[in-house]
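Novice: The structure is given below, and queries will be raised subsequently.
The values are calculated or read from the model by the stated rules, or taken from the named source; none is laboratory data. Bear in mind the structure is a predicted one, so any value in this text is a computation, not a measurement. Cβ placement follows ideal geometry from the backbone for every residue including glycine, while neighbour counts extend to all protein chains displayed. Only protein heavy atoms, including side chains, enter the accessible area calculation; ligands, DNA and RNA are left aside. Shrake-Rupley method; radii C 1.70, N 1.55, O 1.52, S 1.80 Å.
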Amino acid sequence: KQEGRGIDDQLMVTLLAKRLQAKDCLANGWILEDFPRTRAQAAQMARLGVVPANVFMTRISIQEVYGRTEHLQNTDFASFRPILAQRLRYMEANLPLVTSFYQRIYNSLVEIDGFKSKWFMEDAAMTAIEQNIGARQKFARSYCFRAGENRGEERPCQLADIHCDRSLIKASLSQ
């Protein structure tokens, strides 16, 4: 039954988690744009194991958003001024909570200057992704080959720049 309301957070995140388990997402990875929009959605995603390796936030002023979408306001619904204003107010209220969630818990927030060229922004994003992949590979290697020179001696795994839940690491280290 269509009543014009949005999908509730629980259902949306559950559907998203199921979709991200599809073969193409597992093989190629995934990108979410404009989601999660609230801290509650981000927390629900984390509870279901949907944690992005990198979270990108493009820093740009509201005036610049209006300027860049001015020519679209009559043809693109999302650029229609009352709709755009409502979305920007919602974003301003919720974005700090979402970004702090990913920065504080996963250290995965990458801020990109939206006033720079699209090539600069792409390069910044690719650099962050490559650094994260490299850190995960380094951790996997050090975990698999953690036996030191002497067979009885173990050396610690290298755990740097990996965007993961710090509380899980602390809990496993304290055991």
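Novice: It is to be established whether one or more residues within the stretch 31-40 are more than 23 Å from A128 (Cβ to Cβ) and either of a type in the set (V, I, T) or open to solvent by less than 30 Å² (accessible area, probe 1.4 Å) (or both).
Specialist: Within the stretch 31-40 (the criterion being more than 23 Å from A128 (Cβ to Cβ) and either of a type in the set (V, I, T) or open to solvent by less than 30 Å² (accessible area, probe 1.4 Å) (or both)), the answer is yes, since at least one residue qualifies.
Novice: Test of understanding: among R19, R37, which residue is part of a loop (DSSP other than H, G, I, E, B), closer than 24 Å to D165 by Cβ and charged (D, E, K, R)?
Specialist: R37
Quick grid of which residues meet (1) in a helix (DSSP H, G or I); (2) open to solvent by 30 Å² or more (accessible area, probe 1.4 Å); (3) under 17 Å from D161 (Cβ atoms):
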position: P96; (1), (2), (3): yes, yes, no
position: I112; (1), (2), (3): no, no, no
position: D123; (1), (2), (3): yes, yes, no
position: M126; (1), (2), (3): yes, yes, yes
position: N132; (1), (2), (3): yes, no, yes
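Novice: Report, by residue number, each residue of the stretch 24-42 that is over 12 Å from the mean Cα position of the chain (by Cα) and small (G, A, S).
Specialist: A27, G29, A40
Novice: Given the options L11, L32, L16, L48, name the one that is farther than 27 Å from A124 by Cβ and in contact with a helix residue (DSSP H, G or I) (Cβ under 9 Å, 6 or more places away or on another chain).
Specialist: Selected residue: L48, the only one of L11, L32, L16, L48 that is farther than 27 Å from A124 by Cβ and in contact with a helix residue (DSSP H, G or I) (Cβ under 9 Å, 6 or more places away or on another chain).
Novice: Something else: Any residue at all in the stretch 74-93 that's part of a loop (DSSP other than H, G, I, E, B), modelled with pLDDT under 95 and surrounded by 12 or more Cβ atoms within 10 Å (Cβ to Cβ)?
Specialist: Yes; the residues of the stretch 74-93 include at least one that is part of a loop (DSSP other than H, G, I, E, B), modelled with pLDDT under 95 and surrounded by 12 or more Cβ atoms within 10 Å (Cβ to Cβ).
Novice: Also, I was wondering about something else. With the condition kept exactly as written, say whether any residue in the stretch 145-163 is open to solvent by 60 Å² or more (accessible area, probe 1.4 Å), in contact with a Leu (Cβ under 7 Å, 6 or more places away or on another chain), at negative phi and at pLDDT below 85.
Specialist: Checked the stretch 145-163: no residue is open to solvent by 60 Å² or more (accessible area, probe 1.4 Å), in contact with a Leu (Cβ under 7 Å, 6 or more places away or on another chain), at negative phi and at pLDDT below 85.
Novice: Any idea which of (1) more than 24 Å from A128 (Cβ to Cβ); (2) in contact with a strand residue (DSSP E or B) (Cβ under 9 Å, 6 or more places away or on another chain) is the one M57 doesn't satisfy?
Specialist: (1)
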